[in-house]
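Just so you know, all these numbers are worked out from the coordinates, no wet-lab data involved. Predicted, not measured: the structure shown is a model, and the values here were computed from it. Glycine also receives a Cβ, built like all others from the backbone with ideal geometry; neighbour counts cover every protein chain displayed.
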Amino acid sequence: MDFDLNEEQRLLKDSIDGLLTDSYDFESRKKYMKEKGGWSKTVWLNLAEQGLLGLPFSEADGGFGGGGVETMIVMEALGKALVLEPYLATVVIGGGFLRHAGTDAQKAAHLPAVIDGSKTLAFAQLEKNSRYDLFDVTTTAKKKGDAYVIDGEKFVVLNGENADTLIVTARSKGDRRDKAGIGVFLVPASAKGITKKSYPTQDGLHAADITFTGVEVGADAALGNPDDSLALIERVVDEARIALCAEAVGLMDESLKTTIEYIKTRKQFGVAIGSFQSLQHRASDMFVAAEQARSMSMFATMAGDFEDAKERANAIAAAKVQIGKSLKFVGQQAIQLHGGIGMTMEAKIGHYFKRLTMIENSFGDTDYHQRRVADGGGLI
Amino acid sequence: MDLAFTKEEQAFREEVRSFFRDNVPPDTRRKLVEGRHLSKDEMVTWWRILNKKGWGVSHWPKQYGGTGWTSVQHYIFNEELQSYPAPQPLAFGVSMVGPVIYTFGNEEQKKKYLPRIASVEDWWCQGFSEPGSGSDLASLKTKAERKGDKWIINGQKTWTTLAQHADMIFCLCRTDPSAKKQMGISFIVFSMKSKGVTVRPIQTIDGGAEVNEVFFDDVEVPIENLIGEENKGWDYAKFLLGNERTGIARVGVSKERLRRIRDLAGKVESGGKPIIQDAAFREKLAACEIELKALELTQLRVVADEGKHGKGKPNPASSVLKIKGSEIQQTTTELLMEVIGPFAAPYDVHGDDGSNEAMDWTAQIAPSYFNNRKVSIYGGSNEIQRNIIAKAVLGL
């Protein structure tokens, strides 16, 4: 049992922290947000240059063979700096599908461009009424000779505006909530029949609602079994949840730090407001919540490698619950302790709060995952 | 990062577990499961079994009878002990005064007291809190005046747990009334059988009487019963309170209770079916299990840290343990109340001194709920813990 980083992991942490300290202060972020698709190509290529975009891929695939801990380190750092670039969509989720189910040809077609930063990916999964159920899919992928024809609507696709390739969940068989019959397809963003409506999200990222009308892709577009890929989707989304837990820990760390600095310097009644016990206790509770979240983020990271799929899913669901509870408390209290200034767009704390809040509503919220743990027979 | 225990550690867990299976008296275990108090005899009998095995004072240095285990082994031992469940060693002797004596006492004191702590020949109690000195412990007033070769002790202690069984007390006494409050305190030990010591039980809201008031009326104590230096008692008290960091979360206790809740919730009916089938209840139970899992991980982080970097600088996460540990223990007793529903009400007028088991086991659930309100108050209330985090961790 060991919770320390090894030498290489420490170096990785130092390198990404260093990179982001240099290039990602709050003012620069505002500029990046105005670029096309809402993030900076320059920063993205810097990440590529440091090898971070190739981190989780095997050396045979041109990557660096990093595991869950490496991704956790990166996501925490990205959270701390409130990074806009599509690491989750491209490397964690898109890359995850390619790692777990990509054929050699599919990997060869996509990974080099992901790793060198020239292309990005997006995951088109959410539907109008699917909410958090990954098996609730109405988008169809009908077989037509050797090809598939995709029809349906996907919503809030992160990085949907910029992505070169979309990874789309679609049903080849069965009815709306059937667990069988779901496939995953690589679809070029430029394919005929795709229309996109792009918009910024509450937390400063960008997403798109995407309509697929008779979009034709070849048989080689299917990732894994086109008739039975729910387990694959669950696996990759679990990895996304783990990554979000780590990102949230980074966000909470920075929120707490910023808040402590603020209450140490902000004076009222002639003294720093941090000298008041009511605020000290609130800050202590924020610390407790953040530490519990960190513990569960580590747990989720390690659970990513559990052999037993049920045990793995249960552990990750539990982590998402703890993260959800902690982030709500830390985020809300960070605003409260900042007072009026916390309500302004000008102060950075509100932006951390907004990103934390959106993480709660991504890939299952606290109630959703708590129900999963409860129905799965608990944790003890 | 690696969550797995080594093969050796897993084998150790098996060894500990099977020792408990073979050696904890079944009645003792059952009473703990049911939330009953144990008699003095039952506790002492078990502690002597544990000591005979060499595990009675496991975390002491080897030369005083300790085991030399790693911090992970201690963690495993505690978890198994708490979740079996078996009675934990008497903290006042084993975790509190013992380490003070072997760290600050002289050779004679070590020889005199340590073996008797390990063998439970002496039952120790703690003389810290006073009626006017709770969270503000350093304001204590109990006086020890030097007169020839004796200390003359006068004053009153309170919340003295299990003083009714005690042979010995370790006591914070004011020895220099003119010094600033933390400075004039000394750490003195003496026999509870001394003339002038009066123990009066305090009945608590659960109906039990595990705490007492202890009065000192011109109690004469030999001068050599001072531990360490005169007027340095506050330092020893801080050492004592900071010494047991990881046991305080009581993760094993809560785990055992959650297993019991799940078991009972499969039997007790609500709406014509077992209450575990009620989604709202099940989610509450899951919420508590998740909190406990997070706490367990936090505790493991602290344990792994101690194992690697020694106990010198505590991991900041260790301050989480008392707050969350106590909150979770309280939640588990609330969940038990919820399971039992209207049958929480019957009150056993005989109390629970171990002599009366005529009442159904459900009789102990409400008392246990009432009793567990103490865990966020003792050992530095959770509000004091928040002060500590604010100052020591956050620098406020």
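Against the longest principal axis of chain A, how steep is helix A:7-23, in degrees 0 to 90 to the nearest 10, with axes from Cα atoms? With rounding to tens, the tilt is 80 degrees. Dipole orientation for the stretch A:68-201: of the candidates A:Met72, A:Ala113, A:Gly102, A:Gly102 has the Cα lying most toward the positive pole (charges on Cβ; Lys, Arg +1; Asp, Glu -1).
What residues from the stretch B:45-67 fall in the zone where the backbone N is under 18 Å from a label point 7 Å along the Cα-to-C-beta line of B:Asp22? Residues B:46-56 fall inside that zone.
Longest stretch of chain B clear of exposed loop sites (trypsin sites (Lys or Arg not before Pro), DSSP loop, at most 15 other Cβ atoms within 10 Å, sites excluded): B:1-140.
Extension gain A:Glu234-A:Thr357, at 0.36 nm per residue separation less the Cα-Cα distance, in nm?
Fully extending the segment from A:Glu234 to A:Thr357 adds 42.0 nm.
For chain A, take the longest principal axis of its alpha carbons; what is the angle in degrees between that and the long axis of helix A:349-360, to the nearest 10 within 0 to 90? Value to nearest ten degrees: 40. Comparing A:Gly204, A:Gly350, A:Gly340 in a Gaussian network model of chain A (Cα springs below 10 Å), the most mobile by mean-square fluctuation is A:Gly340. The largest-to-smallest principal axis extents of the Cα set in the stretch A:226-336 are 68, 22, 15 Å. Of the cross-linked pairs A:Lys257/B:Lys374; B:Lys52/B:Lys112; A:Lys80/B:Lys284; A:Lys80/A:Lys320; A:Lys13/A:Lys119, those separated by over 23 Å at the C-alpha level are A:Lys257/B:Lys374; A:Lys80/B:Lys284; A:Lys13/A:Lys119. The calculated 222 nm mean residue ellipticity attributable to helices in the protein assembly as shown amounts to -14500 deg cm²/dmol, summing -39500 (n - 2.57) over DSSP H runs of n ≥ 4 and dividing by all residues. Between the exposed loop cleavage positions of chain A, defined as trypsin sites (Lys or Arg not before Pro) in a non-H, G, I, E, B DSSP state with at most 10 neighbouring beta-carbon atoms within 10 angstrom, the longest gap is A:193-380.
Would you kindly give the portion of the calculated P(r) for chain A that falls above 28 Å, as a percent of all Cα pairs? Walk me through the numbers on the way to the answer.
On the way: 32417 of 72010 pairs.
More than 28 Å apart: 45 percent of the Cα pairs in chain A.
Over all distinct Cα-Cα pairs of the stretch B:72-183, the Kirkwood formula returns a hydrodynamic radius of 16.0 Å. Placing +1 on the Cβ of every Lys and Arg and -1 on the Cβ of every Asp and Glu, with nothing else charged, gives chain B a dipole about its Cα centre of roughly 760 debye. Here's the picture: charge each Lys and Arg Cβ at +1 and each Asp and Glu Cβ at -1 in the protein assembly as shown, and of A:Phe287, A:Gly250, A:Asn162 the one pushed furthest to the positive end of that dipole is A:Phe287. For the pair A:Glu35 and B:Ser135, label points projected 7 Å from Cα toward Cβ lie 5.1 nm apart. In this structure, the residue pairs whose Cα-Cα separation is over 32 Å, taken from B:Lys31/B:Lys273; A:Lys267/B:Lys232; A:Lys30/A:Lys328, are A:Lys267/B:Lys232. Listed by number, the DSSP H helices of chain B that run 27 Å or longer by alpha-carbon position along their axis and have mean Kyte hydropathy of at least -0.5 are B:279-309, B:318-340.
If R0 equals 56 Å, the separation of the Cβ atoms of B:Asp176 and A:Thr211 corresponds to a calculated FRET efficiency of about 0.10.
Using a cut-off of 10 Å between beta-carbons, work out the net charge of the residues near A:Ile273 (Lys and Arg +1, Asp and Glu -1, A:Ile273 not included).
+3
About the centre of its Cα atoms, chain A shows a dipole size close to 1400 debye [charges on the beta carbon of Lys, Arg (+1) and Asp, Glu (-1) only; nearest 20 debye]. Dividing the convex hull volume of the alpha carbon atoms of the stretch A:135-186 by its residue count gives 80 Å³ per residue. Each label was represented as a point 7 Å from its Cα along the Cα-to-Cβ direction; for A:Asp17 and B:Asn154 these points are 5.9 nm apart. Given their separation in residues at 0.36 nm each and the Cα-Cα distance between them, B:Glu224 and B:Lys238 gain 2.8 nm when the chain is fully extended. Largest GNM mean-square fluctuation among A:Glu360, A:Glu307, A:Glu49, using chain A with Cα springs under 10 Å: A:Glu307. The modelled label-to-label distance for the pair A:Glu27/B:Glu121, using points 7 Å beyond Cα in the direction of Cβ, is 7.5 nm. Measuring r between the beta carbons of B:Lys195 and B:Ala280 and using R0 = 56 Å, the FRET efficiency lands at 0.40. Global dimensions of chain B from alpha-carbon coordinates: Rg and Dmax equal 21.7, 75 Å. What angle do you read, to the nearest 10 degrees and between 0 and 90, between the alpha-carbon axis of helix A:68-80 and the longest principal axis of chain A? Between helix and principal axis, roughly 50 degrees. Taking 0.36 nm per residue of separation and subtracting the Cα-Cα distance, full extension of the segment from A:Glu8 to A:Asp220 would add 72.6 nm.
For the stretch A:74-127, the Cα-based Rg and Dmax, in that order, read 12.1, 36 Å. Around B:Ser129, what is the net charge, scoring Lys/Arg as +1 and Asp/Glu as -1 over all other residues with Cβ under 12 Å from its Cβ? Net of charged neighbours comes to -1.
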